[in-house]
1. Let me check I have the definition right: for region 102-315, take the eigenvalues of the Cα gyration tensor, multiply each by 5, take square roots. What are those semi-axes in whole Å, largest first?
2. Separation between the residue 250 and residue 115 pseudo-spin-labels, each 7 Å from Cα along Cα→Cβ, expressed in nm?
3. Wrap a convex hull around the Cα atoms of region 226-299, take a quarter of its surface area, and give that in square nanometres.
4. If you roll a 1.4 Å probe over region 146-186 with all protein chains in place, what percent of the accessible area is carbon or sulfur?
5. Which net charge results for the neighbourhood of residue 160, defined as the other residues with beta-carbon distances under 9 angstrom from its beta-carbon, given Lys and Arg at +1 and Asp and Glu at -1?
6. If the chain between residue 31 and residue 127 were fully stretched, how many nm would it gain, using 0.36 nm times the residue separation less the Cα-Cα distance?
7. In whole percent, how big is the carbon plus sulfur part of the accessible area of region 198-238, probe 1.4 Å, protein atoms only?
8. What full-extension length gain, to one decimal in nm, is calculated for residue 138 and residue 204 as 0.36 nm per residue of separation minus the Cα-Cα distance?
Amino acid sequence: MGHKVVVFDISVIRALWETRVKKHKAWQKKEAERLEKSALEKIKEEWNFVAECRRKGIPQAAYCKNGIVGTNVRLLEKIERNTLARQSSLSKERDKRSSPFVFELSGEQWTELPDSLKEQTHLKEWHINNTLIQIIPTYIELFQAMRILDLPKNQISCLPAEIGRLKNLKELNVSFNHLRSIPPELGDCENLEKLDCSGNLELTELPFELSNLKQVTFVDISANKFASVPICVLRMCNLQWLDISNNSLSDLPQDIDRLEELQTFLLYKNKMTYLPYALLNLKKLTLLVVSGDHLVELPTALCDSSTPLKILKFLASGMRK
């Protein structure tokens, strides 16, 4: 018995297959349109965008505002550019810090400066903080290029007179140490612009010789034991910022108006009983902060809108700085 052979017309098969392909493509197109309008697709798009941002280290605040994620490609490019710019800026700052002209030292393992420092007289900046170092050596006078002497939060009990030889010094920060006095020779640093002696607790006066510091614009002597504004400070004719808060002041000198350039005056956490009318002569003063607990008198004109004073704050003397 012979086999039966079924013969199909190839054109019929091709037509059948093409019909099925067309239907499948039509279904795919329709499904794509449906997904495009679907909330699920939007969520997926946002999730992919967020994942990409996280992969590139972009913070959420940069692409999410009020819970709404912006998925614009240009936005991502802009964020990336801004991120790269910030990274470049940070890199430059790190490079600056790692400059051969900058010396940094930190940590309680340090009780004295390394011997090798004496040979690096080309240095322009010292940044020494949070150490147990008590003494700044006299050889500091060799550092004639010194611009910034940043020495906060150490155990320094005195500064050498040789510091007055640093003719190019612009910033001195000896805050939160154990200083009881400031060497009068500091007055020879005629280019000094910023002086921070805050937080030494036992500092009661500044030497009159500091009157020579005519370039100083910033003085912070807060958290000490000053009973009055130092005379030398009153002679710093370019002073713009003075913080003498958290001391033992009961009044201000009548010639406080010598500080014609003063813009910010912080007096809180003292025991001021009155404010002198001379304050009205400080035409550039825009911020005055004082503890109000002990005040019994102040010039009412200080609160007048015609004065340049923009902010007058009265704080409880028990408030923390």
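The values are calculated or read from the model by the stated rules, or taken from the named source; none is laboratory data. Quick caveat: nothing in here was measured; it's all calculated off a predicted structure. Every residue, glycine as well, gets a Cβ built from its backbone with ideal geometry; the counts of neighbours run over all protein chains shown. Ligands, DNA and RNA are excluded from the accessible area calculation, which covers all protein heavy atoms including side chains. Shrake-Rupley method; radii C 1.70, N 1.55, O 1.52, S 1.80 Å.
1. Details: eigenvalues 241, 62, 37 Å².
In descending order, the three semi-axes are 35, 18, 14 Å.
2. Calculated label separation equals 5.5 nm.
3. Details: hull surface 16.4 nm².
Taking the Cα atoms of region 226-299, their convex hull projects to 4.1 nm² on average.
4. Values: 810 of 1700 Å².
So the carbon and sulfur contribution to the accessible surface is 48 percent.
5. Around residue 160, the surrounding residues sum to -3.
6. Numbers: separation 96, 0.36 × 96 = 34.56 nm, distance 6.49 nm.
Gain in length upon complete extension: 28.1 nm.
7. Values: 840 of 1600 Å².
With neighbouring chains kept in place, the figure for region 198-238 is 53 percent.
8. Numbers: separation 66, 0.36 × 66 = 23.76 nm, distance 2.41 nm.
Roughly 21.3 nm would be gained on extension.
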